[in-house]
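Read-outs throughout are calculated quantities, based only on the coordinates presented, and are distinct from any laboratory measurement. On a predicted model such as this, the values are computed, not experimentally measured, just so you know. No Cβ is skipped: glycine too gets one built from the backbone with ideal geometry, and neighbour counts run over all protein chains shown.
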Amino acid sequence: MPRDDAGAAPWVPAHGGLPALRDALHDCRGCDLWEHATQPVPGAGAVDAPLVVVGEQPGDQEDRAGEPFVGPAGHLLDRALDEAGIAREVVYRTNAVKHFRFTTRGKRRIHESPARWQVAACGPWLLAELERVAPQVVVLLGATAGQAVHGPSLRVGAVRGMVMPWPLERLPLPEPPEAVVTTVHPSAVLRSRTREQDYTALVADLSVAAAAL
Ligand code: URA
Ligand code: SF4
C-alpha cells in the first residue's frame with residue numbers, strides 16, 4: 001500500500017447523511033486495515049448530537065459488533081460521561097480509525113495502535129462525520145485522536161482538560177466546533193496502576209467539555 005496516496009478520500013461520499021457514509025465505509029480501501037478486520041466500525045449516535053467523542057480505533061469487541069465503544073473501555077467511558085453530567089443521547093461516538101488493527105498471539109487478537117499514515121488515511125471519514133453532525137464540542141480521547149486533529153506534535157499531558165479551538169487550517173469544516181477538549185483514553189485508565197485517580201481526572205476533563213456545551 002502506497003503511503004502517500006489519497007487515503008480514504010476516494011471512498012467518502014460528498015453528499016448524503018450519516019447512513020450514506022456508513023454504507024460507503026464498507027467499501028473503503030484507503031489503507032490496509034480492512035484486510036484483517038471483521039468489518040469497519042462507523043460512529044454511532046444522533047446526527048444532531050452537540051458532542052462528538054473521538055476514540056482511537058475499534059477494539060476486539062467493537063470489531064465483532066460493528067459498533068463503537070461496546071467493550072470495557074466503552075463502559076468506563078459511559079460511566080465517566082454520566083458522572084460529568086453528559087446524557088448519552090447528546091453524544092455521537094466515533095474513532096479516528098474505522099478498522100481494528102491487531103496482531104495475533106495464539107487465538108487472541110492483541111490491539112496494536114494504528115500507524116500515523118493509517119490515521120491520516122482514515123482522516124476523511126472523521127471529517128465527513130464531523131461535517132454531517134456539526135457538533136458544538138469535540139472530545140478527543142488519547143494521543144491517536146488528539147494527533148489526528150491537532151497534528152503529530154500534540155502531547156495529551158500538556159493540553160488535557162483545556163478548551164482549544166478547532167484547527168480550521170489543518171481540517172477545514174463548514175461549521176467547526178466551538179471547543180475541542182483532549183483527555184486520556186479510557187483504555188489507559190483501565191490499565192493504570194493509579195486507576196481511581198486517573199478516572200477522577202478523566203471525569204474532570206469531561207466536565208470541562210460539559211461546561212462548553
Ligand atoms: N477504544 C476506542 O478507542 N474506540 C472504541 O470504539 C473502543 C475502544
Ligand atoms: Fe479505510 Fe480507515 Fe479502514 Fe483504512 S482504517 S481501510 S482508511 S476505513
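For a quick check of your reading of the model, give me the residue pairs whose first member lies in region 38-55 and is among the hydroxyl-bearing types (Ser, Thr, Tyr), whose second is within 16 Å of ligand 2 (Cβ to nearest atom) and in a loop (DSSP other than H, G, I, E, B), with beta-carbon atoms closer than 8 Å and at least 6 apart or on different chains.
Correct list of pairs: THR38/GLY66; THR38/PHE100.
Can you give me the number of residues within region 1-40 that are within 16 Å of ligand 1 (Cβ to nearest atom) and not in a loop (DSSP other than H, G, I, E, B)?
2
Which residue out of PRO174, PRO167, PRO124, PRO152 is farther than 24 Å from ASP5 by Cβ and not small (Gly, Ala, Ser)?
Residue meeting the stated conditions: PRO174.
When region 135-152 is examined, which residues are found to be over 20 Å from SER187 (Cβ atoms) and of a type in the set (A, V, I, L, M)?
VAL137
Can you pull out every residue in region 77-102 that is aliphatic (A, V, I, L, M) and out of contact with any Asp or Glu (no Cβ under 8 Å at 6 or more places or on another chain)?
Scanning region 77-102 gives LEU77, ALA80, LEU81, ALA84, ILE86, ALA87, VAL90, VAL91.
Pairs only if they're at least six apart or on different chains, beta carbon under 9 angstrom, first in region 175-194 and free of Cβ contacts under 8 Å to residues at least 24 places away in the same chain, second surrounded by fewer than 20 Cβ atoms within 10 Å (Cβ to Cβ) and of a type in the set (Gly, Ala, Ser); list them, first residue then second.
What qualifies is PRO176/ALA134.
Can you tell me which residue within region 68-98, out of those that are over 20 Å from TYR199 (Cα atoms) and over 15 Å from the mean Cα position of the chain (by Cα), is surrounded by the fewest Cβ atoms within 10 Å (Cβ to Cβ)?
Ranking the candidates gives GLU89 first.
Select the helices (runs of 4 or more DSSP H) contained entirely in region 41-137, then report the ones holding at least 2 residues which are in contact with a Cys (Cβ under 8 Å, 6 or more places away or on another chain) and within 9 Å of ligand 1 (Cβ to nearest atom).
It comes to none.
Would you check if there is a residue in region 45-67 being among the β-branched types (Val, Ile, Thr), within 13 Å of ligand 2 (Cβ to nearest atom), crowded, with 23+ Cβ neighbours inside 10 Å and under 23 Å from VAL133 (Cβ atoms)?
no
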